[in-house]
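Notes follow the structure.
The values are calculated or read from the model by the stated rules, or taken from the named source; none is laboratory data. None of these values were measured; they are calculated from a predicted model. Here Cβ is always computed from backbone atoms with ideal geometry, including for glycine, and neighbour counts include all displayed protein chains. In case anyone asks, the SASA skips ligands and DNA or RNA and just uses the protein heavy atoms, side chains included. Shrake-Rupley method; radii C 1.70, N 1.55, O 1.52, S 1.80 Å.
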Amino acid sequence: MSHSQEVLSKLKAQQEAGLFCDITLKTGGGHAFSAHKAVLAAVSEYFQEVFTEMDSAAVPQSYIDLTGTSTVYTEHPAVMNDCMRILDCLDSP
């Protein structure tokens with residue numbers, strides 16, 4: 001196993017165990033996924049922008065509600081692809 005594969009495997013195991021997760025993604029149907037902001041920002045410009053804005057806010061926020069972002073998805077299809085790919089990874093065993 002390469003170093004990068006080992007790092008990703010350990011990050012996935014940490015996420016599954018809820019270790020070091022610093023953000024929750026809330027989706028439709030009441031689903032919520034714990035995640036690492038650094039990992040999401042590394043694979044998605046959308047999340048990098050969102051987290052940059054969140055980190056500069058006066059009140060810290062520990063979750064993102066993705067249920068009300070349909071206009072973002074239609075205006076920026078790449079965001080939808082990023083979110084679906086990320087949620088698929090978070091939801092897979």
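Tabulated data
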| quantity | calculated |
| --- | --- |
| 3J(HN,Hα) from dihedral phi, the stretch 35-48, Karplus parametrisation 6.51/-1.76/1.60, rounded to Hz, x for glycine, proline | 8, 9, 4, 4, 5, 4, 5, 5, 10, 8, 4, 4, 5, 4 |
| Surface accessible to a 1.4 Å probe, HIS36 within the full protein complex, Å² | 20 |
| Computed accessible area, PHE33, all protein chains, 1.4 angstrom probe, square angstrom | 30 |
| FRET efficiency, LYS12 to GLN48 (Cβ-Cβ, R0 30 Å, nearest 0.05) | 0.90 |
